Structures are given as structure tokens and as C-alpha cells.
1. For the structure I just gave you, tell me whether A:Leu129 is closer than 30 Å to B:Gly102 by Cβ, touching a Ser or Thr at 6+ places or on another chain (Cβ under 9 Å) and at pLDDT 95 or above.
2. What helices (runs of 4 or more DSSP H) lie completely within region B:15-133 and have 3 or more residues being closer than 30 Å to A:Arg215 by Cβ?
3. Could you tell me which of the residues A:Ser16, A:Ser22 is among the polar types (S, T, N, Q) and in contact (Cβ under 8 Å) with a residue 40 or more places away in the chain?
4. Examine region A:303-318 for a residue that is within 22 Å of A:His223 (Cα to Cα) and either in contact with a Gly (Cβ under 8 Å, 6 or more places away or on another chain) or surrounded by fewer than 24 Cβ atoms within 10 Å (Cβ to Cβ) (or both), and state whether such a residue exists.
5. What is the number of the single condition among (1) part of a strand (DSSP E or B); (2) surrounded by fewer than 22 Cβ atoms within 10 Å (Cβ to Cβ) that A:Thr3 does not meet?
6. Among the numbered conditions (1) surrounded by fewer than 23 Cβ atoms within 10 Å (Cβ to Cβ); (2) under 30 Å from A:Glu398 (Cα atoms); (3) of a type in the set (A, V, I, L, M), tell me where A:Leu239 comes up short.
7. Filter region B:93-108 down to residues that are under 25 Å from A:Gly266 (Cα atoms) and surrounded by 18 or more Cβ atoms within 10 Å (Cβ to Cβ), then give me how many there are.
Amino acid sequence: MNTPIYLKIDLSTGKSEKYIVSEEYFQKYLGGKTLACKLLLDMTEAGIDPLSPEAMIIINTGPMNNTGAPSSSRFNLSFKNVLTGGIASSNCGGQFGVMLKRAGYDGLILTGKANKPSVIEIVDGEFFLKDGKDLWGLDMEETQQRLPKHYGKLVIGPAGENLVKYASAGSGERMAGRCGAGAVLGSKNIKAVIAYGTRRAEIFEKEKFQRHIRRWVKLLRDHPMTGESLPKYGTAGLLNKANATFSLPTHNFKVGHSSKANYVSGETLAKTRLIRNSGCISCPIRCERRVKHKGKEIKGPEFETLGFFGPNIDSADLDAIINLNYICDLLGMDTISVAASIAFAMELKDKGIMDFGLSFGDPSTLEDALYKIANREGIYSDIADGTKAMSEKYGGEEFAMHSKGLELASYEPRRSVGMGLGYATSNRGGCHLNGGYLALLESVGVLSVDPQSPKSKAELTVLMQNVLEAVSSAGFCLFTAQAHIPKLFFKLGPYHPITRMTNRILKHSGGLIRLLLKSLSLMKFNSMLLFPHAEAVRLVTGIPMYTGSFIILGERSFNLERLYNLREGLAAKDDSLPDRLTKTPQIEGEMDTVVPLDTMLPQYYKVRGWDENGVPREKTIKRLGIE
Amino acid sequence: MQNMGSKLRSTYRINDKCTGCTVCARLCPVYAISGERKKQHHINEMRCVSCGVCGRICTFGAIADEKGNPCTRIPRSQWLKPVIDIDLCTGCGICVEICSAGALSLSDPKFQGDIEIKAQLSEQKKCVDCKLCEVQCPMEAIKMKLPEEIL
């Protein structure tokens, strides 16, 4: 079996050595965020500062990268979370991942700190540490233009250099936004990592794999979600849907519906601004928006950015959003975290606590503010520290919209309570994807499993979290998992009796899902309709991967990250949501429009096999083999 | 692994007939050739993928192949060109990403939300017949053919 080869680089000394992943690790943790988390647990001490030289950042791919499998060009960055102090994994679809793999490595492990601004260059297995002084201070676009054209590039912007806590790292126009990957690279004096090579992916069963891919691509293209909605409207297509179900954060999560949302929806974007749709390498879904901005073709905003620079700050100016999105990408900042921090700053002003010169409904001051945040000028330096740090300094914890320190994404969980449970339990903090993305089954998808009821939500969350973890660790885009919602429901529509009946069945499916989770090891089969991912992994690597063992891989991954968080001092008390979501009803007087987190959490711990303090039980750890 | 850690592997070499005209360095699809203008150039054997582009373009007979035989110049009109079987192509774009000559591209979506995209040889003149696309295509949808074979 060909196991992954990583390159371990000590930036302080400039020395590098190969690290060959053992067969045991490869079979158990596969790659991507899961393997990276295991390596972080093995190789780092507890309690280090995420921005210190001892901190470690792992940039890696999954086994599917460069094989031509659908949506598999993604790469992952894992490190100690700058915002939460727990685990962080950030995922990006740029060309860097493919190039790194062609250059001969499945991953890079970086420790130490370069003594001056530097560029890491990997060419056909060789490693060079080059001077990056000329690039320091440049924005992301210019940095990439100055580097040799044929390389795959991963760069940071000024925000990363200035250690803005939510600084992103980017490749091309795609960003690894969340958790502060840019700040970690900036703290190590690394402006860019570039890779070039011509190595080809090795495939265990080539002919079968080709057949499998062809069928899978067809399936994705025929599906109403991945073949029609996403290519047509991008992720932005979810905005109107979220607005209609009152789950679109508005006025810093005060309410869940904005009358002006249609001005910034995916449909409006497609009608008035879109040039064409595009996408990552080897992706048939093509959800990327290309729009014109100041005479240049650039990447258009995603759902999260539209929601947060739109309704969440009471604005409906689509051109302003496109511009702000572009500036965030130039400076290298996560649009979710920066926009959420800005909304918090606006509410601080509203409440008369602190005036940052930012107010709701006025996006005109934001361009200037973004530059000041990225450069940490004056009081704007506080915004660069994120919502949690601001609320600790100025107060206002009840409306500081974060969990564990990471800002929540653009789904209002009071009308999608399962999503709320996901936010609270997600290992990297308030993240919708890490949290199981139950919004898809509750508020923004075709199904709508009673969004107000906590019934079965713990079980559904656990199942979805495990699935998404597994898809991630193989190196696939999470959107490939959306094709599992049967086409039938899209054909019938959300109000058809069959769809409604399915919603009711799912609402009472808790016991069934618990049984399913217990009998995963018996599911030794692969099905195109269930998980084409597992079969693809089997055909590429030769690891006996089946539907059951694939989901168990996700469970192992989630528990592993939990163990990392526990080691770093996070505990059950951090599985929380701000009071605005758990105590204040979205609609005044209707007490069921809050997130009943206290009811769901104990059940969630039980389904996970954790004790009441949220610690995985001995039995669970043993079963997953992660001691 | 194609070309890693095998320093003993024989690759293309440049001999002293080289005049340093830089044509091969500009054409090399994997950026393996370096050297100063008007001085003998050098092939980095770690990076060379033995595609033979340098041998086909060199007018001075300065390049020898893996076995040490001197390469002969072939007119550009007789270089092979990639032919993409669009029934096999899944539009993954791996060939486009490896093509350093910029000859390949993905077809533009024909309407909003079109996803039936395919790889295409959009800049035929730029193709240097390095065969990297043929080697890299995960679906084996690309075959190199002589210009007269292409209808």
C-alpha cells in the first residue's frame, strides 16, 4: 500500500525531513483534517500559544486529490485555533492542493518560525526556503501575480501578517477562511507556500475507478441540487429560502427575516451581475460566481458573505457586498468572522457601549474599516481580535454571536434548532459545516424536519456530523454529500404529502438512527446512492472502505477532535450559544422560538457515547481505536 | 512516482553544440531547462519528464535522448496534437491545469448554470506535443495524434 508522504519542515533551522505515514494511521485516519488532527495530537504539547513558534500547522490533502474524482481538489489546513484555542481545520479548493500532490507530497508539517519573511517552495520533491521580503505587505492578488505563474500558490495577505485573529490563507481566488490560518502562517513569517511538479496520482483499481467516476459525475449532474441549483445560483441560492423560513440572521441575529433580502439573493445576483459560473479543479458542480467589478472579472460573494454584509448589518446594497467581499479577499480576512465582528461592533454602538464609527444600515464606512482592521489601526485592532475578545473587553456577551470563540455562520438557529445544536457542539467553534449542517434538513433544503422541535435532532446531528467529517477527511467537497437527498423530493416539492410524511418520519427517527449508528460495522457494502465516496476511496487506495466503515471514520474524526479540544482545556461549558439564541425568543412571547440547547445537549452526549461532562467514555474511545 | 528520488535515471541532455538560443528553455513544459543566453544550457534531471520537446525544436542537434542518441529536428506542423474524446471527458480540468503551454481550456458554460463542460484544444498553435495531458488524464480520454489523422 502506498501510504502518504509528508514533509516536515522546521522553519527555525530550515531543515526538512520526510515523514512517511504508517499503514495503520492511513487506514484509520485516511487523510485531510482527520489525519492532521492525529498528527497534531501526537506531535505538539498541550497548552501552547497558537501563534508561537512551537505551534504547528499542517497543510495536507486527502487520498482523492488529483485523481479526477468529483470535487476532490480540496486541501486542508489544520492547526491550533487562533480564535478558540481548540482544534482548527480550514478547507480550500484552490489549485495549491493538486500542485502539492504533483510535487510529490501529500502534506507539509510546519513548525518553528523563519527569521525573516519567507516563501516555501516545493518542486518535484525538493524543498527550498526563499526570501520573501519583496512580497511582504502586498495584498493576496499582487503576491500571487509576482510569484512564478506555473506554481500552485498558497498565500496570506496583510491581515495574516498583522496577525488578525481571523486572517485567511488563499490559493487563487479560493480562501481557507475560518479559524485564522493566515495568522498562523504570518506568525511563522511565511508569506507564501508554492508548489510545482508533474507527479501523477496512483490508482489501485484504475478501470473500475474510471467507471465509478463516470457514473458519479452523471449522478451529480442529474441531481436538482448539485446539477441545477448550485451551478445556477451558487450557495447564494439559499438566501431567499433561508429568509422565507425565518432563518436568515438579520440585525446581528436579532431577527431571522429581512424584507430587503431579495435585493441580495442568489437569484438577483444571477440576473443582474453574474457573468458565468465556474469552479474548482475536477469539480462538476461549478458553483463559483464570476462577476464584474470595476472592469475586472472577479469571484462573486457566497451565501455567508451576502447574508453577513447584507441583512445582518441591515444593508441591501449588492454592489457594496461584491466590493467588500473582494477587499476581504485582497487583505486575507475571513468574510464570516470579520462581518460578524463588525455587526457586533455596530450593536455596541446602538447600545451606547462603544462607538467604532460603524452603524447598522450604512455599508459606506466599511471599506475603510476593513483596511483599518487588517492593519490593526487604533481601536480597530479590537475588532481584529474577534467577537469573543471584544465582548470580554466591552461587555455585551448576550449578543456576541459566537460559540467557543468562532463566529456563527449565516444560519439563524432559533428557527433551525438542530443547527443550533451543531453550532454548540462543533469542534472548531460556531461552524455550520463542522456542526453537521442540519439547516439543510430543517430550513434551507427541500425537507423540513420540524425546525422548532428538539425531537431526534441529537441523533440527526450526530449522523450528519459523522458523514461530513468522513467526506472531508477523504478530501471531497462537502457539496457532494448534498446529492444524497433523493431526487424525488425535489420533484414533488416541499408541500407534497410524501415530502411532509418523510419530515414526520424523520422527526421520530431518533431510535432508528441510534440503532443504525450501533450497527455501522455490519454495513459492509457500497452503494452509488448512499456513499459513492467510500467506493471511490476503496478503488483509489485499496483500503477496504465500505459505507459503514466510512461513517465510523467520520465518528472517529469527530471524537479525535473532541479529545484535542479537551486536552486544550475546552469542556462541556464551552458547548454553548449566546443568550440571544437560547433565552430571547425570536418572536416576542413565543417561547418555542429559542434554541432548547439544554434539552438537546444531554441527549447528544448520550448518542455520542460521552459522559454528562461531554468527555468520550472509555468504551467509545476503545471502540473507535483512538486511545 | 514519476521522477522523484531517481537521480540515476537517464534523461535528455544538452551537449556542447548548444549555442544558448533559449528556445528549448522557453518551450520546456516542466521548466527543467536553465542557462544563460549564448551559453550552454542544462537540463535538470530531477525535473525532466523525457517528453522530447527540446529535441524536436533544437536546430543545432545539441540534444541527446535518454539513450544518448542525438535528436533530430521535426517541423512543428508534424508534431502530435491531443484529441479529446468528449464522451470520455468528465470536464475535471486536470489536463488544463498541467498544460503549461496554455493550449487547453475548459469550454465556457453555454447558458447560466451549464455544467456540461469539456476540455478542449483552444490554442492549437501553442501545443508543444509534450503529452503531459495524455499521461495525466484520469479518464484516459486524451490521445495524441498526427495532424493528418485529426479530422
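The values are calculated or read from the model by the stated rules, or taken from the named source; none is laboratory data. The shown structure was predicted, so the numbers you read here are calculated from the model rather than taken from an experiment. Cβ: placed from backbone, ideal geometry, glycine included. Neighbour counts: every protein chain shown.
1. Yes; evaluated as a whole, the condition is true for this residue.
2. Passing ranges, in order: B:94-98.
3. A:Ser16
4. There is at least one residue in region A:303-318 that is within 22 Å of A:His223 (Cα to Cα) and either in contact with a Gly (Cβ under 8 Å, 6 or more places away or on another chain) or surrounded by fewer than 24 Cβ atoms within 10 Å (Cβ to Cβ) (or both).
5. (1)
6. So A:Leu239 meets the others, but not (1).
7. The total comes to 1.
Table: residues versus (1) touching a Leu at 6+ places or on another chain (Cβ under 8 Å); (2) in a helix (DSSP H, G or I); (3) in contact (Cβ under 8 Å) with a residue 60 or more places away in the chain.
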position: A:Ala159; (1), (2), (3): yes, yes, yes
position: A:Val184; (1), (2), (3): yes, yes, yes
position: A:Val193; (1), (2), (3): yes, no, yes
position: A:Glu202; (1), (2), (3): no, no, yes
position: A:Ser229; (1), (2), (3): no, yes, no
position: A:Leu239; (1), (2), (3): yes, yes, yes
position: A:Asn243; (1), (2), (3): no, yes, yes
position: A:His257; (1), (2), (3): yes, no, no
